[in-house]
Amino acid sequence: MKKLLVALAGLLLCGASASAQKKPAPKAKAAAPAAALIAQGKTVYTETCLSCHQADGGGVDGLNPPLIKTSYVLGDKTRIVKVVLNGLQGVDIDGEEYNNAMPSYDFLTDQQIAAVLTYVRNSFGNKATSISAAEVKAIRAANKK
Amino acid sequence: MKNNLLRLLLVPTALVGSLSLYALTSKVGPPAPDADNAGLKLPAGFGALKVVETGARTRHVVVTPQGVIYAKLNRPDKSGKGILMIRPGADGKTQTTTGFGSYGGTGLYAKDGYLYASSDEEVFRYKLDAKGEVTNPEKPEKIITGLINRRQHESKSVVLDNSGNIYVNVGAYSNSCQVKDRQKGSLGQPNCPILDSAGGIWQFRADKLNQTYGDGTRYATGLRNVVGLDWNQQANQLFVMQHGRDQLHDIFPELYDTKQSAQVPAECLYALKKGDNAGWPYMYYDGQQHKKMMAPEYGGDGKKEATGNFIEPAAAFPAHMAPNALLFYTGTMFPERYRNGAFIAFHGSWNRAPEPQAGYYVVFQPFKNGKPSGESEVFADNFAGSPEKAATGRADHKPCGLAQGPDGSLYVSDDKAGTVYRIVYAKK
């Protein structure tokens, strides 16, 4: 039985990698985020985000939202950058209430915001595109208007 | 021969029959604990059983004199009910669970034939009949309305005194009354305006309909957020557990390191008199130095002590552990030393990261003549499931409510998995 399972798992893996090879990777996902950006992002996360969102990114029930595979984290870049710039409170996330207040982190540089969001979008089981300092700069400029 | 056999068979049947009648009509011992004590670690002689696993977010819990259990749900369950009525059988395990009340919330209290329940803005009361059942589940009396709810510290916990008054916590919708809540470096608002309508305990009449702030009295102020509160019958006084402030390091990193932030601002037990001020947001209580300290938002630097006429805590507990229920034990099932002492359910911390999280247990604080006397001790531990789960904050269960049964059993509700526990003492 165990052997059969292993064999099945092997087949599944082969199938998965075969189909992955067949499909041309979407352009935006082609490049993995640079290791330096991820490392910088981790530093910013540890100093700035961890006390609420926790070391595993799992957040706190009813208070601080998780950062694991939520629509906010994986979705639209502009929305998540604005959350960091403006803070967030009183918004349900994927049907759950979180009642704590997130303040603004607009004192972080464009580069720091790009790094931490790229880190979050590629940690805790997440996989999403990188965010660049130039993108943050543009969103910040539009945010001020 | 046949007759004799029949007679032999009948004797034990009759015995069993009369025994079960005895069980129904007279006092029997507590139900048998679960083989693993429901996963809890308890002092010698105590046992625990899981009464029910609701799967809902059971906040506060009460048990009527008839043994009917009510649990308030933080949000209505799948069937849209916000209060569960749980009827246990002789073995202590649930026989039936029904629901009523379409609103979420936390507060629940039973006294003198009424059940009081709160949403995050209002307080309702229901009439209980001789069986301990609610007679008007869909038509409660609305006794208090219009309480402030800005999501943060939204729970409205309730308790009654012996003079027809009900006390309601209105938590501050802020961490420390900064100009910008939880913003790094933001200073405190002068003459904190939140205290007008929140950050304190309000007193209303228990039997008057549609009361708002103007009908009540701000009984005590300077309390950041109280979820656990109870009336002490010996002192004839209200006691509350405050959730202490968060994020000293996040907001003032140059004044507090992460360890100090995790360990300094105590969770305090206060004995309140009308008009008392516990000092939030102008101070926090340093549980290591046992001093009232000036909050950094209001000129503090981690060394300056608070100035102002603020009451002393009756007892202080480790930081950030989130005391969500307080219960003075008046039963006789537990040994004498527990009588009139306080049980406190610590929901568990989040604001200790990157230090390990803590809590997820029920503490006992001994009392003598209506005052804390001696060191507190962890009474029921391992709601988290393992020390690792506690340290990471990924607890299986988070204790949130406490109630005393008519036989003196201690009930604990959990708002993570929705388990209701019953702790019994068996050793004689």
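The values are calculated or read from the model by the stated rules, or taken from the named source; none is laboratory data. Quick caveat: nothing in here was measured; it's all calculated off a predicted structure. Because the Cβ atoms are built from the backbone with ideal geometry, glycine has one as well, and the counts that use them run over all protein chains shown. Please note that ligands, DNA and RNA were not included when accessible areas were found on the heavy atoms of the full protein model with its side chains. Shrake-Rupley method; radii C 1.70, N 1.55, O 1.52, S 1.80 Å.
Taking all protein chains as they are arranged and a probe of 1.4 Å, the heavy atoms of B:D112 leave approximately 130 Å² accessible to solvent. Cα centroid distance between the range B:122-189 and the range B:210-272, in Å? Centre-to-centre distance over Cα atoms comes out at 14 Å.
Rounded to the nearest whole Hz, the Karplus-based 3J(HN,Hα) values (6.51 cos²θ - 1.76 cosθ + 1.60, θ = phi - 60°) of the range B:170-182 follow the sequence 10, x, 6, 8, 5, 7, 8, 6, 5, 4, 10, 3, 6, with x at glycine and proline. When the Cα positions of A:A128, A:Q54, A:V91 are compared along the charge dipole of the range A:33-144, A:A128 comes out farthest toward the positive end, with charges on each C-beta of Lys, Arg, Asp and Glu. Toward the positive end of the charge dipole of the protein assembly as shown, with +1 on the Cβ of Lys and Arg and -1 on the Cβ of Asp and Glu, the farthest Cα among B:V420, B:Y109, B:Y167 is that of B:V420. Electrostatic tally near B:T98: other residues with Cβ closer than 12 Å to its Cβ, Lys and Arg +1, Asp and Glu -1, net 0. Highest mobility in the GNM of chain B, judged by mean-square fluctuation with C-alpha springs under 10 Å and restricted to B:G214, B:G244, B:G29, is found for B:G214. Placing a label point 7 Å from the Cα of B:R205 along the Cα-to-Cβ direction, the residues of the range B:116-130 whose backbone N falls under 16 Å of that point are B:125.
Between B:S373 and B:R75, full extension at 0.36 nm per residue minus the direct alpha carbon distance yields a gain of 103.5 nm. The Cα center of the range B:23-98 and the Cα center of the range B:321-360 differ in position by 18 Å. On a 0 to 90° scale, report how tilted helix B:2-25 is relative to the longest principal axis of chain B, with both axes built from alpha carbons and the result rounded to the nearest 10. Here the helix axis deviates by roughly 20 degrees.
Any idea what log10 I(q)/I(0) is at q = 0.16, 0.19, 0.20 Å⁻¹ for the range B:279-428, Debye with uniform C-alpha scatterers and no solvent? Evaluating at q = 0.16, 0.19, 0.20 Å⁻¹ gives log10 I(q)/I(0) of -0.95, -1.16, -1.21.
Think of the range B:154-253 as a dipole: +1 on every Lys or Arg Cβ, -1 on every Asp or Glu Cβ, centred on the Cα centre; then among B:Q247, B:G216, B:L187, B:L187 lies furthest on the positive end. Restricting the chymotrypsin sites (Phe, Trp or Tyr not before Pro) of the range B:372-422 to loop positions (DSSP other than H, G, I, E, B) with no more than 13 neighbouring Cβ atoms within 10 Å leaves nothing.
Qualifying trypsin sites (Lys or Arg not before Pro) in the range B:203-293, where qualification requires a DSSP coil assignment and no more than 13 other C-beta atoms within 10 Å, comprise B:K273, B:K274. Dividing the convex hull volume of the alpha-carbon atoms in the range B:247-351 by its residue count gives 116 Å³ per residue.
Between B and A, buried accessible area from a 1.4 angstrom probe totals roughly 1900 Å², ignoring ligands, DNA and RNA. Go through the range B:49-92 and name the trypsin sites (Lys or Arg not before Pro) that are in a DSSP coil and have 10 or fewer other Cβ atoms within 10 Å of their Cβ. Listed in order of number, the matching sites are B:K78. Here the calculated FRET efficiency for A:F107 and B:H290, from their Cβ-Cβ distance with R0 = 30 Å, stands at 0.25, rounded to the nearest 0.05. Using equal-weight Cα scatterers in the Debye expression, the normalised intensity of the range B:124-215 in log10 at q = 0.16, 0.23 Å⁻¹ is -0.75, -1.17. Averaging 1/r over every pair of different alpha carbons in the range A:33-144 and inverting the result gives a Kirkwood radius of 13.8 Å.
Size descriptors for the protein assembly as shown: radius of gyration and Dmax over Cα atoms are 26.8, 103 Å.
Measuring from each cysteine beta-carbon in chain B, the ones with no other cysteine beta-carbon under 4.7 angstrom are B:C268, B:C400.
Build a GNM of chain B with springs between Cα atoms under 10 Å apart, and of B:A71, B:A110, B:A353 the one that fluctuates most is B:A353. Charge dipole (Cα centre; +1 on Lys/Arg Cβ, -1 on Asp/Glu Cβ; no other charges) of the range A:33-144 amounts to roughly 480 debye.
Pairs of Cα atoms nearer than 8 Å and 6+ residues apart set the relative contact order; for the range B:36-425 it is 16 percent. The charge dipole of the range B:36-425, taken about its Cα centre with unit charges on the Cβ atoms of Lys, Arg (+1), Asp and Glu (-1) only, comes to about 400 debye.
Taking the helices alone, chain B has a mean residue ellipticity at 222 nm of -2500 deg cm²/dmol, built from -39,500 (n - 2.57) per DSSP H run of at least 4 residues and averaged over all its residues. Each residue was assigned an accessible area with a 1.4 Å probe, and for B:E53 the value is about 120 Å². For the range A:33-144, what % of the accessible area comes from carbon and sulfur atoms, probe 1.4 Å? Carbon plus sulfur share of accessible area: 57 percent. Modelled spin labels at B:K180 and B:K259, positioned 7 Å past Cα toward Cβ, are 3.1 nm from each other.
Between the amide H of B:K291 and those of B:D286, distances stay under 5 Å, these residues lying 5 or more places away or on another chain, with hydrogens modeled in the peptide plane.
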